[in-house]
1. Return the residue satisfying two criteria in turn: it lies in region 215-231 and is in a loop (DSSP other than H, G, I, E, B) and in contact with a strand residue (DSSP E or B) (Cβ under 8 Å, 6 or more places away or on another chain), and of such residues it is nearest to GLU71 (Cα to Cα).
2. Give me a count of the residues in region 29-71 that are at pLDDT below 90, touching a strand residue (DSSP E or B) at 6+ places or on another chain (Cβ under 6 Å) and of a type in the set (A, V, I, L, M, F, W, C).
3. Only residues that are closer than 16 Å to ALA229 by Cα, in contact with a helix residue (DSSP H, G or I) (Cβ under 7 Å, 6 or more places away or on another chain) and assigned to a helix (DSSP H, G or I): list them for region 127-159, please.
4. Among the residues that make up region 74-90, is at least one of them modelled with pLDDT of 85 or more, on the phi < 0 side of the Ramachandran plot, among the aliphatic types (A, V, I, L, M) and open to solvent by 60 Å² or more (accessible area, probe 1.4 Å)?
5. ASP46 - would you say it is out of contact with any helix residue (DSSP H, G or I) (no Cβ under 9 Å at 6 or more places or on another chain) and under 27 Å from PHE166 (Cβ atoms)?
6. Could you grab me the full set of residues in region 187-214 that are part of a loop (DSSP other than H, G, I, E, B) and either touching a residue at least 12 places away in the same chain (Cβ under 8 Å) or among the hydrophobic types (A, V, I, L, M, F, W, C) (or both)?
7. Please tell me if ILE105 is of a type outside the set (Asp, Glu), within 26 Å of GLU17 (Cα to Cα), surrounded by fewer than 19 Cβ atoms within 10 Å (Cβ to Cβ) and modelled with pLDDT under 90.
8. For a quick check of your reading of the model, give me the residue pairs whose first member lies in region 154-173 and is farther than 11 Å from ILE209 by Cβ, whose second is among the charged types (D, E, K, R) and part of a helix (DSSP H, G or I), with beta-carbon atoms closer than 8 Å and at least 6 apart or on different chains.
Amino acid sequence: MEYPSLVWHLKRTSLFEDWELDDLERLSKTTPYRKFSAGDVIYHMDDPADAIYFLKSGLVKVSKLFPNGKEAILGVVGQYDAFGELLLTAQERRPTQAEAIEDTILILLPRAGLEVLLETRPKVALKFIQIMAARLFESQAWSAEVSAYSAPGRLASLLFRFALEFGHATNDGTRVDLKLTQEDLSRMIGATRETVSHCLNRLKASGAISRTRAPFVVHQGKLEAFIAAEE
């Protein structure tokens with residue numbers, strides 16, 4: 001078998017990390033790859049909730065679109081994370097839209113296959129519940145931050161979370177290689193692009209970040225101090 005194979009990538013997802021390779025080999029026959037270019041929509045709001053996705057490579061943003069044309073970005077999904085799992089009954093429709101931020105390869109597990117796993121593998125069912133509970137906790141935590149912080153604090157908190165999840169250390173600080181524009185950031189913290197621009201300049205002046213455009217370079221200690229001062 002040639003590695004890294006589909007089995008190798010499945011093994012690195014939280015849902016299947018405890019599985020034996022023989023079991024993953026059988027599962028891989030029902031979990032094809034799907035490739036998307038930057039800007040491609042993976043699924044739209046109101047599409048059938050017919051699959052769960054795992055990221056082999058790339059980045060995906062999950063958004064909520066409103067009738068007035070506005071978009072709220074609910075999160076960014078990175079390598080080996082899962083998304084699209086919250087509503088997987090035959091009658092449900094997607095409440096969100098998923099779009100590739102950069103060229104992306106996904107592993108697709110159809111709803112029917114997931115249902116079989118949940119019915120026949122108690123450990124998978126438990127892990128699935130844990131993943132959903134973690135997502136709910138993250139959503140509640142972010143809602144609390146939105147209520148507790150002003151726009152500068154929300155942006156600083158968001159960049160800190162990105163640094164922990166997607167950042168890598170460099171001599172200049174923690175580099176966050178997310179291809180997000182100031183408009184994207186504004187849609188994530190519930191502010192205007194102009195407000196985000198002003199907040200980024202404040203963060204740079206405080207020494208919490210070195211760049212006001214992607215890729216961001218953040219200094220986590222100073223970023224934490226900025227957040228604490230905003231409380």
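The values are calculated or read from the model by the stated rules, or taken from the named source; none is laboratory data. What you see is a predicted model, and the numbers here were worked out from it, not measured in a lab. As a convention, Cβ positions derive from the backbone with ideal geometry for all residues, glycine included, and neighbour counts pool all protein chains shown. Protein only, heavy atoms only, side chains kept; ligands, DNA and RNA dropped before computing areas. Shrake-Rupley method; radii C 1.70, N 1.55, O 1.52, S 1.80 Å.
1. Step by step, filter region 215-231, then rank; the result is PRO215.
2. The total comes to 2.
3. GLU145, VAL146, ALA151, PRO152, GLY153, ARG154, LEU155, ALA156, SER157, LEU158, LEU159
4. Yes, region 74-90 contains at least one residue that is modelled with pLDDT of 85 or more, on the phi < 0 side of the Ramachandran plot, among the aliphatic types (A, V, I, L, M) and open to solvent by 60 Å² or more (accessible area, probe 1.4 Å).
5. No; evaluated as a whole, the condition is false for this residue.
6. GLY190, ALA191, GLY207, ALA208, SER210, THR212, ARG213, ALA214
7. The answer is no for ILE105.
8. Listed by first residue and then by second, the contacts come to ARG154/GLU145; SER157/GLU145.
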